[in-house]
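The structure appears right after this line, and notes come after that.
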Amino acid sequence: MVQQISETSETTIGVKEAIRIARDHLRYIFADEGRPLENLLLEEVELSDDRRNWLITFGFDGPRPERRSTFEALQSMRDPERKERIYKIVTINASTSQFESMKIREV
């Protein structure tokens, strides 16, 4: 069963505002590294069980990691432009709207 996330009086900011703040922070962080976020998409949104934080997952395309096997090296010769999908979870405080953290989302 899917729990519907709604904008409630228990949180200061609603889901759309939390997503905007998280997206802005993600772009800002990666802009400083000189890495544009290709194909940035919202993947998941969740209000923590204690209702204190919005956990927002974004996915984007990034460079593939260094090839470690002969098979991977041969694959990259066939499709050198192939990208890897990267996922990040951004935590936004639901009361203060402050950026709390950014973590890697393992798939």
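The values are calculated or read from the model by the stated rules, or taken from the named source; none is laboratory data. For clarity, every value in this text was computed on a predicted model and none was experimentally measured. FYI the Cβ positions are ideal-geometry reconstructions off the backbone, even for glycines, and counts take in every protein chain you see.
Kindly indicate whether any position in the stretch 70-87 is in a strand (DSSP E or B), surrounded by 15 or more Cβ atoms within 10 Å (Cβ to Cβ) and either among the aliphatic types (A, V, I, L, M) or at pLDDT below 85 (or both).
Yes, because at least one residue in the stretch 70-87 is in a strand (DSSP E or B), surrounded by 15 or more Cβ atoms within 10 Å (Cβ to Cβ) and either among the aliphatic types (A, V, I, L, M) or at pLDDT below 85 (or both).
Does the stretch 7-22 hold any residues that are modelled with pLDDT under 90 and surrounded by 10 or more Cβ atoms within 10 Å (Cβ to Cβ), and which are they?
Start the filter on the stretch 7-22 by keeping residues that are modelled with pLDDT under 90, which leaves 7-12.
Glu7, Thr8, Glu10, Thr11, Thr12 - these are the residues of the stretch 7-22 that are modelled with pLDDT under 90 and surrounded by 10 or more Cβ atoms within 10 Å (Cβ to Cβ).
If you go through the stretch 23-36 one residue at a time, do you hit one that is in a loop (DSSP other than H, G, I, E, B), at pLDDT below 95, within 30 Å of Thr12 (Cα to Cα) and within 12 Å of the chain's Cα centre (by Cα)?
Step one: filter the stretch 23-36 for residues in a loop (DSSP other than H, G, I, E, B), giving 33-36.
If we keep only those that are at pLDDT below 95 too, we end up with 33-36.
Applying the additional criterion that residues be within 30 Å of Thr12 (Cα to Cα) yields none.
No, there is no match, as no residue in the stretch 23-36 is in a loop (DSSP other than H, G, I, E, B), at pLDDT below 95, within 30 Å of Thr12 (Cα to Cα) and within 12 Å of the chain's Cα centre (by Cα).
Among the residues of the stretch 31-63, write down those that are surrounded by 14 or more Cβ atoms within 10 Å (Cβ to Cβ) and either closer than 20 Å to Arg85 by Cα or among the small types (Gly, Ala, Ser) (or both). Give the derivation first.
The first filter runs over the stretch 31-63 and keeps only residues surrounded by 14 or more Cβ atoms within 10 Å (Cβ to Cβ), leaving 37, 40, 43, 45-47, 52-62.
Result: Leu37, Leu40, Glu43, Val45, Leu55, Ile56, Thr57, Phe58, Gly59, Phe60, Asp61, Gly62.
Pairs are defined by a Cβ separation below 6 Å, a sequence spacing of at least 6 or placement on different chains, a first member in the stretch 19-41 that is more than 16 Å from Gly62 (Cα to Cα) and hydrophobic (A, V, I, L, M, F, W, C), and a second member that is at pLDDT 95 or above and outside any helix (DSSP H, G or I); the pairs so defined are Ile19/Ile56; Ile21/Ile92; Ile21/Ser97; Ala22/Ile56; Ala22/Val90; Ala22/Ile92.
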